[in-house]
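Working notes for the structure below.
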Amino acid sequence: MPDPSREPLHSLSATALAQGLRAGVFTVEAITQSCLARIADREPEVQAWAWLDPEQVLAQARAADRHRVAGLPLGALHGIPVGIKDIIDTADMPTENGTVLHAGRRPASDAAIITGLRNAGAIIFGKTVTTELATYAPGKTRNPHHPEHTPGGSSSGSAAAVAAGMVPLAVGTQTNGSVIRPAAFCGVYGYKPTSGLIPRAGVLRQSQSLDQIGVFARTVDDAALLAAQLMGQAIDFNAADSAVPPRLAFVRTVRWSDVTDDTRAAYARLIDRLGDSVTEVAMPAAAASAWNWQRAVMEAEIAANFDAEWRDGKDRLSASLRGQIERGRAVSVADYQFALAQMPRVDALFRDLYAQYDAILTPSVAGTAPHGLGSTGDPAFCTLWTFCGMPGINVPLLHGANGLPLGVQLVGPRMSDARLLHVARWLAQFQ
């Protein structure tokens with residue numbers, strides 16, 4: 001049982017907080033006050049929040065405490081603070097999608113996952129910073145480990161808020177690498193379930209074929225706890241035989257030439273430590289074009305979905321987003337349909353590999369968070385797996401030569417999320 005006299009509440013895992021609340025060790029208001037104090041301390045430097053009203057958060061906390069004292073049933077996330085990426089609709093908070101074009105936007109209703117979180121008893125803490133329309137132009141957030149480095153994107157605020165100890169849990173989205181990459185740069189767990197397991201109603205539509213929802217946490221158990229509520233189903237990742245080490249396939253992908261020297265060295269040491277549990281396996285050659293196909297699908301759909309923003313506010317969009325829309329408008333219908341058809345075909349190329357291995361081990365990113373705030377980093381090491389809709393998780397296992405976090409990505413076959421989380425928990429012991 002957690003001892004609040006020894007550890008500040010904001011530093012405890014969501015799982016520990018849930019246990020303590022049910023046992024009456026502390027109150028939801030006490031947790032909320034601790035998180036708000038942490039935010040007051042770190043937010044001037046990190047700048048993870050797009051919108052946060054302390055009084056509204058405290059009102060939620062006091063209502064949650066009254067609920068427990070009354071002896072009413074408690075949800076799995078009762079009293080647990082959760083940060084929400086600012087492209088997910090909240091009826092009682094602005095949702096501005098990281099763009100001046102949507103400044104002051106107030107949705108009429110909650111997104112489906114917000115309804116689920118409220119029903120589970122979560123405290124919706126506020127809206128975390130996203131990049132412009134969840135694309136590439138950075139927001140204001142800085143890396144909690146070094147403010148002169150990027151936190152990644154587009155779920156920058158969610159990853160940074162968890163890494164800085166502001167909240168134990170946060171929700172983000174990934175269309176290319178927007179959960180795994182910021183999790184790697186900020187040194188937290190970032191879990192993107194199998195595509196389609198979490199409902200997307202009420203979430204900004206960037207690329208309907210690729211948009212996926214994911215979570216950020218400081219432990220595997222916490223990531224599973226939050227994801228299960230968003231999915232509306234249990235994740236029993238304890239069922240696997242923990243006495244038998246998983247079998248991992250180390251897949252460099254065609255982007256291995258992009259990794260930094262210290263990344264190569266860190267992976268060499270990790271592979272050596274894993275011993276017989278890991279085998280290097282070549283990526284199927286026919287998957288090498290997935291990066292081009294993903295880009296065609298994503299940019300064609302971005303062009304269609306952001307047509308109103310293009311027509312009404314083109315001059316207020318970033319140069320990078322204007323470029324994406326222009327390229328997307330140039331994608332032919334035939335090329336778009338062909339690229340779309342490759343998604344299940346590329347996924348099928350890995351069927352034989354997954355018959356032999358429990359998960360793929362591969363870089364999350366090419367290196368540690370780049371210096372400077374003008375870019376969110378390269379998502380290339382996430383592209384293939386997102387294109388296939390496979391579940392993936394960043395395990396904050398390694399560090400670069402500069403001391404910044406360097407994540408390890410595990411990827412599994414579609415609908416194998418419980419097994420993937422089991423492997424992630426096993427891998428975490430190698431920290």
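The values are calculated or read from the model by the stated rules, or taken from the named source; none is laboratory data. Computed from a predicted model, the values in this text were never measured in an experiment. Ideal geometry is used to build each Cβ from the backbone, glycine not excepted, and the neighbour counts take in all protein chains shown.
Being among the polar types (S, T, N, Q) and on the phi < 0 side of the Ramachandran plot is the filter here, so list the residues in the stretch 87-118 that pass it.
Step one: list which residues in the stretch 87-118 are among the polar types (S, T, N, Q), which gives 90, 95, 97, 99, 109, 115.
The answer is T90, T95, T99, S109, T115.
Check every one of the helices (runs of 4 or more DSSP H) wholly within the stretch 351-431 and list those with 1 or more residues that are modelled with pLDDT of 95 or more, crowded, with 21+ Cβ neighbours inside 10 Å and of a type in the set (D, E).
Details: elements: 351-356, 380-388, 417-427.
Passing ranges, in order: 417-427.
Is there any pair with a first residue in the stretch 173-192 that is touching a residue at least 40 places away in the same chain (Cβ under 8 Å) and farther than 16 Å from A161 by Cα and a second that is assigned to a helix (DSSP H, G or I) and aromatic (F, W, Y) whose Cβ atoms are under 8 Å apart and which are 6 or more apart or on different chains, and what are they?
Qualifying pairs under 8 Å: G177/F381.
Pick from A170, A201, A183: which is small (G, A, S) and under 11 Å from I393 (Cα atoms)?
Working: A170 fails: under 11 Å from I393 (Cα atoms); A201 fails: under 11 Å from I393 (Cα atoms).
Exactly one residue qualifies, and that residue is A183.
Just name the residue that is surrounded by the most Cβ atoms within 10 Å (Cβ to Cβ) out of those in the stretch 277-291 that are touching a residue at least 24 places away in the same chain (Cβ under 8 Å) and part of a helix (DSSP H, G or I).
Initially, the stretch 277-291 is screened for residues touching a residue at least 24 places away in the same chain (Cβ under 8 Å), giving 277-284, 286-291.
Add one more test, that the residue is part of a helix (DSSP H, G or I), and what stays is 277, 286-287, 290-291.
Values: S277: 17, A286: 12, A287: 21, A290: 26, W291: 17.
Across the stretch 277-291, the extreme among qualifying residues is A290.
For the stretch 196-244, enumerate the residues that are small (G, A, S), over 22 Å from P144 (Cβ atoms) and crowded, with 24+ Cβ neighbours inside 10 Å. Walk me through it before giving the result.
Applying the first criterion (small (G, A, S)) to the stretch 196-244 yields 196, 201-202, 207, 209, 214, 217, 223-224, 227-228, 232, 234, 239-240, 242-243.
Restricting the remaining residues to those that are over 22 Å from P144 (Cβ atoms) gives 196, 201-202, 207, 209, 224, 227-228, 232, 234, 239-240, 242-243.
Passing the criteria: A224, A227.
Since N176 meets every condition but one in (1) assigned to a loop (DSSP other than H, G, I, E, B); (2) touching a Lys or Arg at 6+ places or on another chain (Cβ under 8 Å), which condition does it not meet?
It is condition (2) that N176 fails.
Residue under question is A304, and the condition is that it be under 29 Å from L421 (Cβ atoms) and part of a helix (DSSP H, G or I); does it hold? Walk me through how you get there before you give the answer.
On the way: under 29 Å from L421 (Cβ atoms): no; part of a helix (DSSP H, G or I): yes.
In short, no.
Report, by residue number, each residue of the stretch 270-292 that is of a type outside the set (A, V, I, L, M, F, W, C) and within 26 Å of the chain's Cα centre (by Cα). Break it down into steps so the answer makes sense when it comes.
First, pick out the residues of the stretch 270-292 that are of a type outside the set (A, V, I, L, M, F, W, C): 272-273, 275-277, 279-280, 284, 289, 292.
Result: S289, N292.
Among (1) surrounded by 23 or more Cβ atoms within 10 Å (Cβ to Cβ); (2) touching a strand residue (DSSP E or B) at 6+ places or on another chain (Cβ under 8 Å), where does F250 come up short?
Unmet for F250, out of (1) surrounded by 23 or more Cβ atoms within 10 Å (Cβ to Cβ); (2) touching a strand residue (DSSP E or B) at 6+ places or on another chain (Cβ under 8 Å): (1).
How about the stretch 301-343: which of its residues are among the aromatic types (F, W, Y) and exposed (fewer than 14 other Cβ atoms within 10 Å of the Cβ)?
Taking the stretch 301-343 as the starting set, the residues that turn out to be among the aromatic types (F, W, Y) are 306, 310, 336, 338.
Across the stretch 301-343, the qualifying residue is only F338.
Working only within the stretch 7-43, note down all residues that are over 23 Å from the mean Cα position of the chain (by Cα) and farther than 26 Å from L74 by Cα.
A40, D41
Consider V162 against the criteria (1) more than 14 Å from the chain's Cα centre (by Cα); (2) of a type in the set (A, V, I, L, M, F, W, C); (3) over 19 Å from P370 (Cα atoms): it satisfies all of them except one. Which criterion is unmet?
(1)
Would you mind stating whether A296 is modelled with pLDDT of 95 or more, touching a Gly at 6+ places or on another chain (Cβ under 6 Å) and either more than 22 Å from M390 (Cβ to Cβ) or buried (at least 19 other Cβ atoms within 10 Å of the Cβ) (or both)?
Numbers: modelled with pLDDT of 95 or more: yes; touching a Gly at 6+ places or on another chain (Cβ under 6 Å): no; either more than 22 Å from M390 (Cβ to Cβ) or buried (at least 19 other Cβ atoms within 10 Å of the Cβ) (or both): yes.
No.
For every residue, the table says whether it meets (1) among the aliphatic types (A, V, I, L, M); (2) within 23 Å of E148 (Cβ to Cβ); (3) in contact (Cβ under 8 Å) with a residue 40 or more places away in the chain.
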position	(1), (2), (3)
Q324	no, no, yes
G328	no, no, no
A339	yes, no, yes
F350	no, no, yes
G367	no, yes, yes
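For the stretch 56-72, what are the residues that are free of Cβ contacts under 8 Å to residues at least 40 places away in the same chain and within 27 Å of the chain's Cα centre (by Cα)? Steps first, answer last, please.
So the first thing to find is which residues in the stretch 56-72 are free of Cβ contacts under 8 Å to residues at least 40 places away in the same chain, and the list is 56, 58-59, 62-63, 65-66, 69-72.
Scanning the stretch 56-72 gives Q56, L58.
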